[in-house]
Amino acid sequence: MHESIEFSLPATPVTSETRLQRLVRTGAATPRFLQGVYPFVGRGVFDLGPLNDALSYRVPPGRTAEVVYFRAGNLSDDLLYLTLSADGKPVRYFPVGPKADFHVPLVIVESHPAGTRIEVGLAAPRGLSGTVVVDVGIVEVAG
């Protein structure tokens, strides 16, 4: 004497969303991007400097910011590296091989307070010239 159990699936599938997806959907967060294609001339691998002024972002008052991914491509013939800096101090290093690209969804995400300046820097062998493609995803959250 076994009793049968009946069940039915909901008419609309249930999906889950991440914390950031919920924040963006509800308007509590806004996506921001640092992106573009930029030429460079290397000054030496130990001479790190900003890549371009367009690749900087200041967290506005009353907000915090989280960098959630970093994507880049190197069109030159040698290795270079890009950095993600907060208030002038590198917090992440991204080596990019010659004629290579990468996409890094950041697993460890720091929350940067209002007023923090986030920027992308570059260092490359002295005299190396080329072009990099950069796409950085930032989520600005109401503080």
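Observations, loosely collected:
- Candidates are the residues of region 61-85 that are assigned to a loop (DSSP other than H, G, I, E, B) and of a type outside the set (A, V, I, L, M); the one that is surrounded by the most Cβ atoms within 10 Å (Cβ to Cβ) is SER76.
- Being over 12 Å from the mean Cα position of the chain (by Cα) and farther than 24 Å from THR18 by Cα is a condition met by at least one residue of region 101-111.
- Among the residues listed as GLU140, GLU119, the single one being in contact with a helix residue (DSSP H, G or I) (Cβ under 9 Å, 6 or more places away or on another chain) and acidic (Asp, Glu): GLU119
- Taking the criterion of being surrounded by 16 or more Cβ atoms within 10 Å (Cβ to Cβ) and closer than 15 Å to TYR93 by Cβ, the residues of region 44-60 that qualify are LEU48, LEU51.
- One residue stands out in region 103-140 among those that are of a type in the set (A, V, I, L, M, F, W, C) and either without any contact (Cβ under 8 Å) to a residue 12 or more places away in the chain or not in a strand (DSSP E or B) (or both): the one that is nearest to ALA28 (Cα to Cα), namely ALA114.
- Filtered residue count, region 60-102, keeping only those that are of a type in the set (Phe, Trp, Tyr) and in contact (Cβ under 8 Å) with a residue 40 or more places away in the chain: 3
Values in this text are rule-based calculations from the coordinates and carry no lab data. None of the values given here were measured: they were computed from a predicted structure. Here the Cβ is made from the backbone with ideal geometry for all residues, glycine too, and neighbour counts use every protein chain on show.
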